[in-house]
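Everything below concerns the one structure shown next.
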Amino acid sequence: MLLTEKKEAELQEIARQLRVEVLKMLTNAGSGHTGGSLSIIEILVTLYYLKLRHDPQNPFWSERDRFVLSKGHGAPALYAVLARLKYFDSAELQKLRKIDGMLQGHPFNVSTPGIEISTGSLGQGLSVANGMALAAKLNQAKWRVYVLLGDGETQEGQIWEAAMTSAHYHLDNLCAIIDANKLQIDGPLCSIMNVEPLKQKWQSFGWQVLETNGHDLSCLAAAFDQSEKTQKVPSLIIAHTIKGKGVSFMEGKIEYHGVAPTKEELKKALVELENV
Amino acid sequence: MSKSIGTRDVYGEVLVRLGKQIPEIVVLDADLSCSTRTAQFAKVFPERFFNMGIAEQDMISTAAGLATTGKIPFVNTFAIFATGRAWDQIRQSLCYSQQNVKIVATHSGITVGEDSATHQANEDISLMRVLPNMSVIVPADAIETEKAMEFLVQDKGPTYLRLSRHKFPIIHDEEYIFQKGKAVLIEDGSDVTIMATGIMVSKALEAMEILKKEGIGARVLNFSTIKPIDQEAIIKAAQQTGAIVTAEEHSIIGGLGSAVAEILAEFCPTPLKRIGIRDSFGISGDAEDLLHYFGLTPEVIVKEVKDVIARKKG
């Protein structure tokens, strides 16, 4: 899919507005995961605005493509997208993490339209996505399954159990994306627990591996296009991203992994985002 | 009591029968399909059977994904691996997410026998009972296993069905109707109530016969559903018989005995004795020898019944 300049500019504007929304939500909530929400915005925009066949008015449409946010702490970004698409009233965003709100700190399928499965305890989403992809094969259905992992999340052993399953069952209707922002809560992955070489590891597990800039909408769209054409093997897109992307003083800063912006920080961040 | 049949043996057969009726049923196993008896289903429905290899965590979450699409996954392995190895997956992907997945665990309790403590699950009921939205079912014989399964395929929500390697005597007849959440009155009596689950129901019936000869009338309740627990039957038994003995092939911590103790303590304190594994691991041995070694016998039930009756007030 070649993105026209106009389309790309339109989607970039949506991404910018989503970042504003995410920062406001998090500041209002007073807690939450800022860095890893900002790093996945373009991935979510590409999926929800270009790739997924879905119907916000009918979240349980049986032939929909499925999306699983395995790195559940990225929930604010997903909530902002779902609200914008009218899966639920955007007034809910300001009640994120509040006792009278619908939106839980991590995705909860039972309360939230558009969430396929609850996540938060890391490492489980790829297995869940495999189950959905197996069901599609059994039903000879056309729906595709997308699952977004954190790079730190691949330290969980279950990810590798699931990686074997996807390849063993030839789940070419499955596309995993790794939000490769290279940071985890305690520090850089390379110093906490090195996961590299990710590409070779996944290739050796029987996957097609694509690498791309995780903030470039055209590159992401092209990678998803490629994953759709691939037969017999599952696809992984390693999306190289910047934690805290879009706010200069948050970019690449571990401090913003699990901390919400203060009101002053929000003000500063909004000035930057308004002036893009 | 007549012949003995393994609950896992009837499971394997019933699964195939139900699989023919209900196309949504899919079966997952973690490299133990001969032992769990799902190999029969795999043979008849190879496309609806998924061997996940030795990867229980992946198996549970994969089942959750299948369930989101309307499939009815039956997930199978030994009890200790199903509940212990994959507890967080069960908690998040099944219970919290409210997915319609049936975990069917064979090889529960010490009657696993020779394979020793690593393979004997005496903690599984406890691990499953604490989870919101989870149902816990422990059939007392092959007939109840079949009836429970017929019920479960129509029921919605995560369920833990606890089966055994050991053969259990048949105590129910073909007319038996399984009702989730209801204790089953097997024999009535007014001096004491024996509340048992799984293989211990048959032991409780043997104890009841011994007690009858001594003039003691024991009510025997089969607690095949441990969650939701039949609170009404427990309170009624406490009020009507004034003394209670629980019996289970499981730790006394967190299992049936605990569930009963919780209700009694809160609503009607009553003399109680819990028979089960007393905070220890199992050992290798023949299944029947192990039941004797750990005091899971009719004779021990008889002794404890007499003790608990002696503690009745007035």
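The values are calculated or read from the model by the stated rules, or taken from the named source; none is laboratory data. Every value quoted in this text rests on a predicted model; they were computed, and no experiment measured them. Cβ sites come from the backbone with ideal geometry, for glycine too, and all protein chains shown count toward neighbours. For accessibility, only protein heavy atoms count, side chains too; no ligands or nucleic acids. Shrake-Rupley method; radii C 1.70, N 1.55, O 1.52, S 1.80 Å.
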TODO: Provide the per-residue ³J(HN,Hα) series for the range B:96-101, in order, calculated from phi with Karplus coefficients 6.51, -1.76, 1.60 and θ = phi - 60°, each as a whole number of Hz, with x at glycine and proline positions.
DONE: 5, 7, 6, 9, 7, 10
Task: Per-residue mean of C-beta atoms belonging to partner chains within 10 Å, peptide A:129-142 - done: 6
TODO: May I ask for the accessible area buried between chains A and B, both sides summed, probe 1.4 Å, to the nearest 100 Å²?
DONE: 2100 Å²
TODO: May I ask for the net charge around residue A:145, where only other residues with Cβ less than 10 Å from the Cβ of residue A:145 are counted and Lys, Arg are +1 while Asp, Glu are -1?
DONE: 0
Task: Folded to 0 to 90 degrees: helix A:5-29 orientation relative to chain A principal axis, Cα - done: 60 degrees
Task: Accessible area of the protein assembly as shown belonging to carbon and sulfur atoms, whole % at 1.4 Å probe - done: 52 percent
Task: Per-residue SASA entry for residue A:235, accessible area with 1.4 Å probe, Å² rounded to 10 - done: 0 Å²
TODO: Kindly provide the helix-only [θ] at 222 nm of chain A, computed as the sum of -39,500 (n - 2.57) over DSSP H runs of four or more divided by all residues, to the nearest 500 deg cm²/dmol?
DONE: -12000 deg cm²/dmol
Open item on the list: Rounded to whole Å, give me the distance from the Cα center of the range B:287-305 to that of the range A:122-173.
Closed with: 47 Å
Task: Alpha carbon centroid spacing (whole Å) that separates the range B:109-172 from the range B:221-248 - done: 18 Å
Open item on the list: Check which residues have an amide H placed less than 5 Å from residue B:246's amide H, if you skip close sequence neighbours.
Closed with: B:195, B:273, B:274, B:275
Task: Surrounding net charge for residue A:63, when Lys and Arg each add one and Asp and Glu each subtract one, Cβ distance under 9 Å - done: +2
Task: Size of electric dipole in the protein assembly as shown: Cβ of Lys, Arg +1 and of Asp, Glu -1, about Cα centre, debye, nearest 20 - done: 800 debye
Open item on the list: At 1.4 Å probe size, put A:118, A:204 in order of accessible surface, largest to smallest.
Closed with: A:204, A:118
- [ ] Report the charge-dipole magnitude of chain B in Debye, nearest 20, computed about the Cα centre from +1 at each Lys and Arg Cβ and -1 at each Asp and Glu Cβ.
- [x] 520 debye
- [ ] State, as an integer percentage, the relative contact order of the range B:4-169 based on alpha-carbon contacts under 8 Å between residues 6 or more apart.
- [x] 27 percent
Open item on the list: Given the -39500 (n - 2.57) contribution per DSSP H run of 4+ residues, what per-residue ellipticity at 222 nm results for chain B, rounded to the nearest 500 deg cm²/dmol?
Closed with: -10500 deg cm²/dmol
TODO: Normalising by the residue count of chain A, find the relative contact order in percent from Cα pairs under 8 Å and 6+ residues apart.
DONE: 24 percent
Open item on the list: Taking the Cα centroid of the range B:1-79 and of the range A:223-261, what is the distance between the two, rounded to the nearest whole Å?
Closed with: 37 Å
TODO: At 1.4 Å probe size, with every protein chain present, just tell me what the per residue accessible area of the range B:184-313 comes to in Å².
DONE: 41 Å²
TODO: Please give the solvent-accessible surface of residue B:278 in Å², to the nearest 10, using a probe radius of 1.4 Å with every protein chain present.
DONE: 130 Å²
Open item on the list: I want to check the label-to-label distance for residue B:289 and residue A:95. Put each point 7 Å from Cα in the C-beta direction and report it in nm to one decimal.
Closed with: 6.4 nm
- [ ] Might you work out the accessible area of residue B:280 for me, using a 1.4 Å probe with all protein chains in place, and round it to the nearest 10 Å²?
- [x] 50 Å²
TODO: Determine the alpha carbon to alpha carbon distance for each of A:98/A:253; B:213/B:303; A:51/A:201; A:6/A:268; A:71/A:95; B:3/B:167 and list only those over 19 Å.
DONE: A:98/A:253; A:51/A:201; A:6/A:268; A:71/A:95
Open item on the list: If I take every Cα pair under 8 Å that is 6 or more residues apart in the range B:184-313, average their sequence separation and divide by the length, what percent do I get for the relative contact order?
Closed with: 29 percent
Open item on the list: Only bridges whose two residues both fall in the range A:5-274 count here: according to DSSP, what percent of them are antiparallel, nearest 5?
Closed with: 10 percent
- [ ] Would you mind telling me the antiparallel percentage of the DSSP bridges in chain B, rounded to 5?
- [x] 20 percent
Task: Under 22 Å from residue B:20, Cα to Cα: lysines that are on another chain or at least 8 residues apart - done: A:137, B:43, B:71, B:102, B:147, B:156
Open item on the list: Antiparallel versus total DSSP beta bridges in the protein assembly as shown: what percent is that, nearest 5?
Closed with: 15 percent
Task: In Hz, Karplus ³J(HN,Hα) per residue of the range B:157-165 (6.51, -1.76, 1.60; θ = phi - 60°; x = Gly, Pro) - done: x, x, 9, 10, 10, 9, 10, 9, 6
- [ ] Can you figure out the FRET efficiency of residue B:20 with residue B:185, using R₀ = 41 Å and their beta-carbon distance, to the nearest 0.05?
- [x] 0.75
Task: Largest-first ordering by accessible area, 1.4 Å probe, given options B:283, A:238 - done: B:283, A:238
Task: Calculated FRET value between residue B:313 and residue A:164, using beta carbons and R₀ = 45 Å, to 0.05 - done: 0.15
Task: Given charges at Cβ of Lys, Arg, Asp, Glu: chain A dipole, positive-most of A:50, A:202, A:178 - done: A:50
Open item on the list: Using amide H atoms built in the peptide plane, which far-off residues or other-chain residues are under 5 Å from residue B:26 H to H?
Closed with: B:72, B:74
Open item on the list: Quick check: residue separation of residue A:111 and residue A:225 times 0.36 nm, minus the Cα distance between them. What number comes out in nm?
Closed with: 37.8 nm
- [ ] Work through the residues other than residue B:165 whose Cβ is under 13 Å from its Cβ and net out their charges, Lys, Arg +1 and Asp, Glu -1.
- [x] -2
TODO: Can you tell me the dipole magnitude for the range B:1-142 around its Cα centre, using point charges on the Cβ only (Lys, Arg +1; Asp, Glu -1), in Debye to the nearest 20?
DONE: 440 debye
TODO: Can you find, among B:50, B:290, B:26, the residue farthest towards the positive end of the dipole of chain B? Put +1 on the C-beta of Lys and Arg, -1 on that of Asp and Glu.
DONE: B:26
